[in-house]
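Okay, so here's the structure we're looking at.
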Amino acid sequence: MRKPFTEVTARTQANRLRALAARALPAWGLADASLRLLNHGYNTTFRVEVPDGRRFALRVNVIPTKTEAHLLAEVAWLAALSAETDLTVPTPQRTRDGEWAARVPSPDHGRDLPVVLFSWLDGRNLGAKPSIRRLHTVGRAMARLHEHAATWRPPAGAELPLFDDVLTDLPNRLGGHPALDAEASAVLTAAYARAQELQDQAFAADEIIPLHADLHGGNLKWHRGRLSVFDFDDAGLGVAALDLAIAVYYLRDDAAAEDALKAGYAGVRPLPRVSPDVFEGMVAGRNLLLVDDLIEQPNAELRAMIPAYVANSVRRLRGWLETGRYRRDVPGGRD
């Protein structure tokens, strides 16, 4: 008997999705291409290698909250960025029928999964500790994205979700989920209320634009002195300060890194004008979002992370509530 998707190993999950991805390849006339796993996380991505030497990136969207309108807006924005700016981003590839995605039935998920193909980006991921010079370039690229976003409009039928809630478009699971004990629920609930209060102030004071909403070293590549920005899967609508706070979350406790990112941004576009308290609230909000998402993930490797990640997050968010400063290097924390 075939085990449910959530009960098999990460390797088995990836193999099942590889078979599903292979069934999608003929939609682009690539039936003879091979697939190599790149990442099996919230979604699953493969490198496509064609016998003639061409390469692509293929993403299987597993997350059920990704709507058709959201997917269309993502690929439309990427197509516009590719055509209208000098930013290096993955260019979405239309199927032979002119569609932006192929849809393949998945018995594991009980629905069709959308599969999207993108141009290949050379280079290595920036990783968790990019150099100061490269972070300055990241800041400039973020500002360029925001400049384009301020004037770009999605086509008919496309719509990005509004991220005015700290948890974006996810349901709030912080107040009683089986993965959370009473202490964790209490801290997370209090932190969510405070972070939402602060984020509301930011949204009331600035324009709403499309955001990448996940700019960190794992979604950035460097090749021959040039930066590439990819994985727009989490794109949504928000204020520019939110994009900056999300990027800072991954750099927190390295003041020089934060300063380089902000200086690069300011070299292209004025920094968002928010108070330090509001900005700290949005940095802390990123932690809340990641906890809320992680505790419901079907991916086997991600599920194994839950106990340690929740414990660390509770320590960090309690520290933020007590001091007003969000830190990742709190005593007793590790990840």
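Residues in segment 35-94 that are surrounded by fewer than 17 Cβ atoms within 10 Å (Cβ to Cβ) and among the charged types (D, E, K, R): R36, R47, E49, D52, R54, R55, E68, E84, D86, R94. Quick check: anything in segment 254-276 buried (at least 23 other Cβ atoms within 10 Å of the Cβ), among the charged types (D, E, K, R) and over 27 Å from V8 (Cα atoms)? No, the conditions are met nowhere in segment 254-276. Criterion first (open to solvent by 20 Å² or more (accessible area, probe 1.4 Å) and either of a type in the set (A, V, I, L, M, F, W, C) or modelled with pLDDT under 95 (or both)) does D234 satisfy it? Judged against the criteria, D234 is a match.
Mind checking whether some residue in segment 141-160 is crowded, with 20+ Cβ neighbours inside 10 Å, within 24 Å of A260 (Cβ to Cβ), of a type outside the set (A, V, I, L, M, F, W, C) and touching a residue at least 40 places away in the same chain (Cβ under 8 Å)? Within segment 141-160, one or more residues are crowded, with 20+ Cβ neighbours inside 10 Å, within 24 Å of A260 (Cβ to Cβ), of a type outside the set (A, V, I, L, M, F, W, C) and touching a residue at least 40 places away in the same chain (Cβ under 8 Å).
Could you please let me know if Y326 is open to solvent by 30 Å² or more (accessible area, probe 1.4 Å), closer than 26 Å to R140 by Cβ and aromatic (F, W, Y)? Step through it out loud before you land on a result.
On the way: open to solvent by 30 Å² or more (accessible area, probe 1.4 Å): no; closer than 26 Å to R140 by Cβ: yes; aromatic (F, W, Y): yes.
The answer is no for Y326.
May I ask you to list the residues in segment 260-281 that are among the β-branched types (V, I, T) and within 12 Å of Q199 (Cβ to Cβ)?
So in segment 260-281, the residues among the β-branched types (V, I, T) come out as 268, 274, 278.
Listed by number, the residues that qualify are V274, V278.
Of the listed requirements (1) within 16 Å of the chain's Cα centre (by Cα); (2) part of a loop (DSSP other than H, G, I, E, B), L244 misses just one: (2).
Residues in segment 241-274 that are hydrophobic (A, V, I, L, M, F, W, C) and closer than 15 Å to D214 by Cβ: L242, L244, A245, I246, A247, V248, L251, L261. For segment 121-132, the candidate set comprises residues that are aliphatic (A, V, I, L, M) and in contact with a Gly (Cβ under 6 Å, 6 or more places away or on another chain); within that set, the residue that is least open to solvent (accessible area, probe 1.4 Å) is L126. If you check F232 against the conditions, is it aromatic (F, W, Y) and part of a loop (DSSP other than H, G, I, E, B)? Yes, satisfied. In segment 102-120, of all residues being open to solvent by less than 20 Å² (accessible area, probe 1.4 Å) and touching a Ser or Thr at 6+ places or on another chain (Cβ under 6 Å), the one that is nearest to T9 (Cα to Cα) corresponds to L113. Counting the residues of segment 36-48 that are farther than 16 Å from A102 by Cα and more than 16 Å from the chain's Cα centre (by Cα) gives 3. When segment 171-228 is filtered for residues that are open to solvent by 70 Å² or more (accessible area, probe 1.4 Å), assigned to a helix (DSSP H, G or I) and among the hydrophobic types (A, V, I, L, M, F, W, C), the ones remaining, listed by number, are A182, A204, A205.
Residues considered: P298, P331. Of these, the only one that is open to solvent by 30 Å² or more (accessible area, probe 1.4 Å), within 30 Å of V89 (Cα to Cα), at pLDDT below 95 and not charged (D, E, K, R) is P298.
Out of curiosity, is A27 outside any strand (DSSP E or B), open to solvent by 10 Å² or more (accessible area, probe 1.4 Å) and in contact (Cβ under 8 Å) with a residue 40 or more places away in the chain?
Details: outside any strand (DSSP E or B): yes; open to solvent by 10 Å² or more (accessible area, probe 1.4 Å): yes; in contact (Cβ under 8 Å) with a residue 40 or more places away in the chain: yes.
Yes.
Kindly indicate whether V278 is of a type in the set (V, I, T), in a helix (DSSP H, G or I), closer than 18 Å to L170 by Cα and modelled with pLDDT of 95 or more. In short, no. Going residue by residue through segment 216-231, is there one that turns out to be in contact with a Leu (Cβ under 7 Å, 6 or more places away or on another chain) and charged (D, E, K, R)? Yes, that holds for at least one residue.
The values are calculated or read from the model by the stated rules, or taken from the named source; none is laboratory data. Fair warning: this is a prediction, and the values are worked out from it, not measured in the lab. Positions of Cβ are generated from backbone atoms using ideal geometry, with glycine treated the same way; all protein chains shown enter the neighbour counts. Just the protein is used for accessible areas: all its heavy atoms, side chains included, with ligands, DNA and RNA removed. Shrake-Rupley method; radii C 1.70, N 1.55, O 1.52, S 1.80 Å.
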